[in-house]
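Reviewing the structure listed below.
Since every read-out is calculated from the coordinates, none of them should be taken as a lab result. What you see is a predicted model, and the numbers here were worked out from it, not measured in a lab. Heads up, the Cβs are rebuilt from the backbone with ideal geometry, glycines too, and the neighbour counts pull from every protein chain shown.
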Amino acid sequence: MPNQTPPSKDGPRTNEDITVPSVRLVGADGEMLGVVSVREALEVAADSGLDLVEVSPNADPPVCKILDYGKFKYEAQKKKAEARKKQKVIEVKEIKMRPGIDQHDYDVKMKKVRQFLDNGDKVKMTMRFRGREMAHQELGMNVLRKARQEVDEQAKVELEPRMEGRQMTMVLAPR
């Protein structure tokens with residue numbers, strides 16, 4: 001098996017994995033101990049019962065810190081999980097209407113549109129045409145224009161109203 005590289009370990013290099021001749025050493029209490037050889041740094045880490053961890057490999061010389069590597073990995077994992085928890089996934093909610101929608105039904109749908117926009121979701125407004133309604137597409141366009149004007153300060157139009165087969169769609173995104 002020629003040219004096979006050993007599997008790379010993810011995360012920072014630790015202890016004997018550090019191959020550079022000298023490192024800038026930071027003690028367990030956070031104080032700067034200066035530039036020392038890797039052998040000296042490993043001895044200092046072993047004396048304190050902790051690990052030597054390369055925290056900044058691209059610096060010249062690389063910066064290594066004396067700390068408990070297991071605890072370091074655990075803290076990093078917790079930070080990652082916390083960041084993932086705070087993410088907001090933007091969903092596209094769909095509101096379906098017909099061109100001959102009555103005022104009360106329209107008001108109920110628009111209330112839902114505002115609620116979706118307040119929650120940070122995009123809204124896809126779909127105007128469905130059946131039968132002879134296809135001959136009066138301007139009625140559907142008027143309803144979508146009216147909806148756009150009502151939520152103008154709350155949303156921006158991401159996709160202008162356009163026909164796709166028997167339906168007209170418009171996408172609104174929160175401002």
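Summary of computed values
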quantity: Ranked 91, 133, criterion: other C-beta atoms within 10 Å, fewest first; calculated: 91, 133
quantity: Helix axis angle, 38-48 relative to the chain longest principal axis, alpha carbon, degrees; calculated: 90 degrees
quantity: Relative contact order of the range 92-174, defined on C-alpha pairs under 8 angstrom at six or more residues apart (%); calculated: 35 percent
quantity: Relative contact order of the range 1-101, pairs being alpha-carbon contacts under 8 Å that are 6 or more residues apart, as %; calculated: 22 percent
quantity: Contour excess over end-to-end distance, with Cα ends at residue 145 and residue 124 and 0.36 nm allotted per residue; calculated: 6.2 nm
quantity: For the range 15-73: rounded, prolate or oblate by the Cα gyration tensor [a/c cutoff 1.5]; calculated: rounded
quantity: Cα-centred dipole magnitude for the chain, charges only on beta-carbon of K, R (+1) and D, E (-1), debye, nearest 20; calculated: 1500 debye
quantity: FRET efficiency estimate (nearest 0.05) - Cβ-Cβ, residue 115 to residue 88, R0 22 angstrom; calculated: 0.90
quantity: Residues 24, 84, sorted so that the one with the fewest Cβ neighbours within 10 Å comes first; calculated: 84, 24
quantity: Angle between the chain longest axis and helix 69-86 axis [Cα atoms, degrees, rounded to 10]; calculated: 10 degrees
quantity: Beta bridges by DSSP in the chain, antiparallel share as percent, to the nearest 5; calculated: 75 percent
quantity: Part-to-part distance (alpha-carbon centres) for the range 24-57 and the range 101-175, which is given in Å; calculated: 62 Å
quantity: Percent antiparallel among DSSP beta bridges (both partners in the range 15-73, rounded to 5); calculated: 75 percent
quantity: Coil-residue trypsin sites (Lys or Arg not before Pro) of the range 94-150, DSSP, other Cβ within 10 Å capped at 15; calculated: 130
quantity: Where labels lie 7 Å past Cα in the beta-carbon direction, separation of residue 31 and residue 103 in nm; calculated: 7.9 nm
quantity: Relative contact order computed over the range 15-73 (Cα-Cα under 8 Å; 6+ residues apart), in percent; calculated: 34 percent
quantity: Order of 23, 92 under a 10 Å beta carbon neighbour criterion, fewest first; calculated: 92, 23
quantity: Of the GluC sites (Glu not before Pro) in the range 135-175, those whose Cβ has at most 15 other Cβ within 10 Å and which sit in DSSP loop; calculated: 153
quantity: Cα-centred dipole magnitude for the range 92-174, charges only on beta-carbon of K, R (+1) and D, E (-1), debye, nearest 20; calculated: 300 debye
